[in-house]
Amino acid sequence: MSAVRNNPKRETILAALAKSDVVSGAEISASLGVTRAAVWKQINALRAEGYAIPGDPRSGYRLLAEGERAYEASLLRAFGDDGRRVVFYRATGSTNTDLKELAAAGAPAGTICVAESQSGGRGRRGRSFASPAGGAYFSLLLRPDLALSEVSALTGAVAVAVARVLEEMTGLSVGIKWVNDLWLNSKKAVGPNSTASLQRSSAKGDASPTGRL
């Protein structure tokens, strides 16, 4: 797990940098309630962890998708600009397990857990899911107001949605081996899966599309 995830101030700084092209030290200082010197110290700590964060005395700081943390930075910029929380791990047991813990602690809908590799990835019916480095493994928290009878359709709906997005992005034909295996060029590319926790008469769950592209 990235050390940033155990440091709320650094996570807040990353979230702010993900939302804007440039963020001034004064803005960060005000949002955290700390001095500019304290902000500078936290920025340097993030740089030491591999984040590319250039600074300009006149404008402020930027988060670039470059260097050791290029993959994470690109995800933060892609998903963080709409205010959703992105939690990134270099390696973890299971993003689904991580997200369940965040959900139980009150994380909002739209929260995403992303990992470069998993040691305990799981597919449908608890089957082991190989998750070596080089893939894109993530879980997305949804809090839909659904009846129990509707929850079972969620995995198939996610598979169809992901297939459509991949076709739009690549121009290639994506096949679905029902219910949740997506195939590209005769190889499995993605395996969306979903789990749910129930509250009273509604279902609140996390969908975890995971796969190796």
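The values are calculated or read from the model by the stated rules, or taken from the named source; none is laboratory data. Fair warning: this is a prediction, and the values are worked out from it, not measured in the lab. Every residue, glycine among them, receives a Cβ derived from its backbone with ideal geometry; neighbour counts consider all protein chains shown.
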Output the residues belonging to the range 179-197 that are crowded, with 16+ Cβ neighbours inside 10 Å and either of a type in the set (S, T, N, Q) or within 17 Å of the chain's Cα centre (by Cα) (or both). N180, V190, G191, P192, N193, S194, T195
A45 - would you say it is under 16 Å from F88 (Cα atoms) and surrounded by 15 or more Cβ atoms within 10 Å (Cβ to Cβ)? no
Scanning the range 33-78 residue by residue, those within 12 Å of A16 (Cα to Cα) and aromatic (F, W, Y) turn out to be Y61
What's the total number of residues in the range 57-79 that are at pLDDT 90 or above and out of contact with any Phe, Trp or Tyr (no Cβ under 9 Å at 6 or more places or on another chain)? 4
